[in-house]
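The structure under discussion appears below in the form of structure tokens.
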Amino acid sequence: MRPIYLYLPVCVLGIPLLVGLLVASGQSDESTPPADANLQLQKQVAKLDEELGKSGNPLPDAAGMAQLATHDPVAFLENCIRYYDRDVQGYHLIMQKQERVPTRLPIEKRKLQKKELIEVDFKEKPHSVFMHWLEGERLTDRCLYVEGENDNMILVHPAGLAGKFVKFVKRKVDGPEAQESGRYTLNMFGIKNGTLRTLSFAKKAKEKGTLHMDYLGADGQWHDCGPDATVSLGEEKVPRAGNRTCYVLRRHYADEENDGVLELKIFIDKENWLQVGSIVEGKPEEPNGKRYLIGEYYFRDIRLNPQFSPDQFTESAVAPK
């Protein structure tokens, strides 16, 4: 066996190469989808958010929300957003996700990644996201995005060996590396933004007359949402959302929409009206006929409006001590 010191020159020369490859990975010349689609979605969500913020109607109580969930799911989701705006300025949580990426590829060519477990700190104003991977990290193990700061870019701490020699690198928030990491970029991250996207697509379908949503009833069966709904709303404890008790709604799509989605199931926490889980699926796969998974997301151990440390959303949070 050769002495380990004989390998040291290779290691020393290899580290800059590894770091260089990591940096270059954010500058790929591969074709990426036009940013117009994401930008358009952001604008739609922002407009919808602004409209909901102007609503002067009183918020429904718990019984009223349960009634809306079965009879008018669009109004139910609108009021979930209004509850969020009233009660939430930020949060700390653990997110579990599994999804098909990179988004630059058609959905059928994307790879279903392994499950990721991520510690998240989020603040609404300014839009601030810090993520620390606990399990399943790939290119990065920490990242930070604060709207309007750091040249409006993400600060990324590399995972693995490269991270021992690099404090952080800067990446475009919607660049190729971001597309490798998730279906939505950090400037579109957040519990509220997820619900706004769900609501935005549902409203469009309702306007077209193609909205089909059902709910999990108290009898354990699925029932169509609408004015004729008679079965009361059921509850489900969701283990991956920390065993929170949730109402469950499901949307069936007439045509593929937004990444080939044909079915969406959402879990709304009955205590605080937060969307704490969602399962996004596409067309049935052969030979078993089960729908293929596009993405699955859960939030647990949620602490609302925590007192963040002064450096929580600064570069010192990204670079390991």
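The values are calculated or read from the model by the stated rules, or taken from the named source; none is laboratory data. Since this is a predicted model, take the numbers as computed values, not measurements. A quick note on method: Cβ atoms are made from the backbone with ideal geometry, for glycine too, and the neighbour counts reach across all protein chains shown. Heads up: the accessible areas ignore ligands, DNA and RNA and are worked out on the full protein's heavy atoms, side chains in. Shrake-Rupley method; radii C 1.70, N 1.55, O 1.52, S 1.80 Å.
For the reader, a short list of remarks on this structure follows.
- If R0 is taken as 56 Å, the Cβ-Cβ distance between E256 and K170 corresponds to a FRET efficiency of 0.95.
- Ordering of 305-312, 247-254, 154-161, 112-119 by packing is 154-161, 247-254, 112-119, 305-312, highest average first (other Cβ atoms within 10 Å, averaged per residue).
- The chain: angle of helix 191-208 to the longest principal axis, Cα-based, in degrees nearest 10: 50 degrees
- The range 212-262: C-alpha gyration tensor shape, a/c 1.5 cut-off, then a/b vs b/c: oblate
- The angle between the Cα long axis of helix 8-25 and the longest principal axis of the Cα atoms of the chain comes to about 40 degrees, rounded to the nearest 10.
- Whether the range 209-300 is rounded, prolate or oblate, judged on the alpha carbon gyration tensor where a/c under 1.5 counts as rounded: oblate
- Degrees between helix 73-87 axis and first principal axis of the chain (Cα, 0 to 90, nearest 10): 60 degrees
- Cα→Cβ-extended label distance, 7 Å offset, between S55 and D301, nm: 3.3 nm
- The label point for K283 and the one for H212, both projected 7 Å from the Cα toward the Cβ, are 1.6 nm apart.
- Sites L112 and L134 - FRET efficiency at Förster radius 25 Å, r taken between beta-carbons, to 0.05: 0.80
- Computed over protein heavy atoms with a 1.4 Å probe, the carbon and sulfur contribution to the accessible area of the chain reaches 52%.
- Look at the alpha carbon pairs under 8 Å that are at least 6 residues apart: their mean separation over the length of the range 180-321 gives a relative contact order of 15 percent.
- Once volume of the Cα convex hull per residue in Å³ is calculated for the structure shown, the corresponding label among (1) 133; (2) 175; (3) 124 turns out to be (2).
- Under 17 Å from K192, Cα to Cα: lysines that are on another chain or at least 8 residues apart: K43, K47, K54, K97, K123, K125, K203, K265, K270
- Residue-normalised accessible area of the chain, given per residue in Å² at a 1.4 Å probe: 52 Å²
- By average C-beta atoms within 10 angstrom, highest first, the peptides 122-128, 75-81: 75-81, 122-128
- Each Cα pair under 8 Å and six or more residues apart adds its separation to the average, and for the chain the resulting relative contact order is 19 percent.
- The gain in end-to-end length when the L161 to R240 segment is fully stretched comes to 25.3 nm, 0.36 nm per residue minus the alpha carbon separation.
- For K237, a cut-off of 16 angstrom between C-alpha atoms picks up these aspartates and glutamates, skipping any fewer than 8 places away in its own chain: D219, D269, E271, D301.
- Residue with peak Gaussian network fluctuation, the chain [Cα springs, cutoff 10 Å], from P287, P102, P60: P287
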